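The values are calculated or read from the model by the stated rules, or taken from the named source; none is laboratory data. Fair warning: this is a prediction, and the values are worked out from it, not measured in the lab. Cβ: placed from backbone, ideal geometry, glycine included. Neighbour counts: every protein chain shown. Remember, those area values only see protein heavy atoms, side chains included, never the ligands or the DNA or RNA. Shrake-Rupley method; radii C 1.70, N 1.55, O 1.52, S 1.80 Å.
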Amino acid sequence: MATIDEDILLARAQLAIDAMAISRAMLDRDFDEARFRAHLVLCEASTMALPAVGGAAQAVLNVLGPLGSVPAPGIGRALLELSGAIDAVERT
């Protein structure tokens, strides 16, 4: 059975993997994949009761916009804020 510290580390690692996938999709200009990954992070954050991460993931989704569209300016800042929120998980 995992300890609380291990659970936090595992959760943070999964969130970080998904956030990296968002960035990778952005670099590939696969914006719909980025939306899908951001939605995964939002759902994971909700399940794990991590409102700061969920809010940052929602901000990424807001900048990405609807399916088939090009992201609005500010996606880099939104991704940095998501990364910061994930980094702060172990300290909360």
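When you go through Ala78, Ala72 one by one, which is the residue that is open to solvent by less than 70 Å² (accessible area, probe 1.4 Å) and within 12 Å of the chain's Cα centre (by Cα)? One residue alone meets the criteria, Ala78.
Pairs meeting the criteria (first residue in the range 38-57 and modelled with pLDDT of 95 or more, second residue part of a helix (DSSP H, G or I) and among the hydroxyl-bearing types (Ser, Thr, Tyr), beta carbons under 8 Å, at least 6 apart or on different chains) are Gly54/Ser46. A count restricted to the range 81-92 and to residues that are closer than 13 Å to Arg12 by Cα, assigned to a helix (DSSP H, G or I) and open to solvent by 30 Å² or more (accessible area, probe 1.4 Å) stands at 5.
Considering only residues in the range 49-69 that are in a helix (DSSP H, G or I) and within 21 Å of Leu10 (Cα to Cα), the one that is most open to solvent (accessible area, probe 1.4 Å) turns out to be Pro51. Filtering the range 28-36 for residues that are open to solvent by less than 50 Å² (accessible area, probe 1.4 Å), more than 30 Å from Glu6 (Cα to Cα) and touching a residue at least 40 places away in the same chain (Cβ under 8 Å) leaves a non-empty set.
I'd like to know if the range 25-48 contains one or more residues that are over 12 Å from the mean Cα position of the chain (by Cα), among the hydrophobic types (A, V, I, L, M, F, W, C) and part of a loop (DSSP other than H, G, I, E, B). Break it down stepwise before answering.
Step one: list which residues in the range 25-48 are over 12 Å from the mean Cα position of the chain (by Cα), which gives 25-33, 47-48.
Those still in the list that are among the hydrophobic types (A, V, I, L, M, F, W, C) too: 25-27, 31, 48.
With part of a loop (DSSP other than H, G, I, E, B) added as a condition, the list becomes 48.
Looking through the range 25-48, at least one residue is over 12 Å from the mean Cα position of the chain (by Cα), among the hydrophobic types (A, V, I, L, M, F, W, C) and part of a loop (DSSP other than H, G, I, E, B).
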